[in-house]
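FYI, it's all coordinate maths here, none of it is from the lab. Keep in mind that what you see is a predicted model, and the values were worked out from it rather than measured. Positions of Cβ are generated from backbone atoms using ideal geometry, with glycine treated the same way; all protein chains shown enter the neighbour counts.
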């Protein structure tokens with residue numbers, strides 16, 4: 001990625017929101033870095049119009065942490081030990097995102113699967129910027145399916161999305177996809193646990209019989 005940047009004299013941050021016709025050839029080359037490697041990509045997609053996860057988990061920070069824990073746990077391979085580099089996301093004082101994610105996953109698998117978690121600003125990490133580009137393409141596919149954006153016309157974002165799907169051999173990301181390189185899952189809220197049945201006062205019945 002650095003060689004591509006140097007060759008094109010491009011040192012701006014790579015973001016899906018900044019995809020343009022001018023940057024399309026460069027961004028396609030950078031995307032091909034991922035596609036030509038043995039790296040994998042996993043994402044958990046939540047439609048905010050269908051699921052109010054902010055209310056469900058008591059706030060945006062708790063919702064962010066819950067989805068992060070689920071994504072890491074679902075992406076972990078047998079016997080794998082991982083270090084997590086996460087995009088910087090401001091949380092309130094006393095909110096231990098790194099420790100909570102690490103400890104949750106390790107408890108689930110009953111071993112030290114996550115050695116550590118570190119949040120960093122994506123502006124200085126090319127890998128996080130590349131993830132933003134791929135995730136933006138996946139989200140765009142979902143938005144197009146719901147009519148929020150269109151796939152017609154000569155749009156650079158559409159062309160980048162189609163390039164990604166063509167190379168991966170995927171018709172659509174919508175509804176999820178399971179493969180060796182890319183795994184996309186729709187958020188599915190856990191079932192509401194059954195409420196305990198009210199305890200009847202058996203003493204009162206015995207007293208009436210007596």
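Relative to the dominant Cα principal axis of the chain, helix 24-35 is inclined by about 60°. Counting beta carbons within 10 Å around each of 98, 65 and listing the fewest first gives the order 98, 65.
From the alpha carbon centroid of the stretch 162-179 to that of the stretch 91-121 is 30 Å.
Counting only Cα atoms, the chain measures 94, 40, 34 Å along its principal axes, largest extent leading. Working from Cα positions, state the angle (0 to 90°, nearest 10) between the long axis of helix 156-168 and the longest principal axis of the chain. Once rounded, the angle reads 80 degrees. Exposure proxy shown here: for 85, 101, 45, the number of other Cβ atoms within 10 Å sets the order, fewest to most, as 85, 45, 101. Here the simple spin-label model places points 7 Å from the Cα toward Cβ, and for residue 35 and residue 121 these points are separated by 3.2 nm.
Using the 10 angstrom Cβ neighbour count as an exposure proxy, how do 16, 83 rank, fewest first?
Fewest-to-most ranking of 16, 83: 83, 16.
Helix 60-75 and the long axis of the chain differ in direction by around 80°, with both axes built from C-alpha atoms. With contributions of -39500 (n - 2.57) from each DSSP H run of at least four residues, the per-residue ellipticity at 222 nm computed over the chain stands at -13500 deg cm²/dmol.
With contacts taken as Cα pairs under 8 Å at a separation of at least 6 residues, the chain carries a relative contact order of 28 percent.
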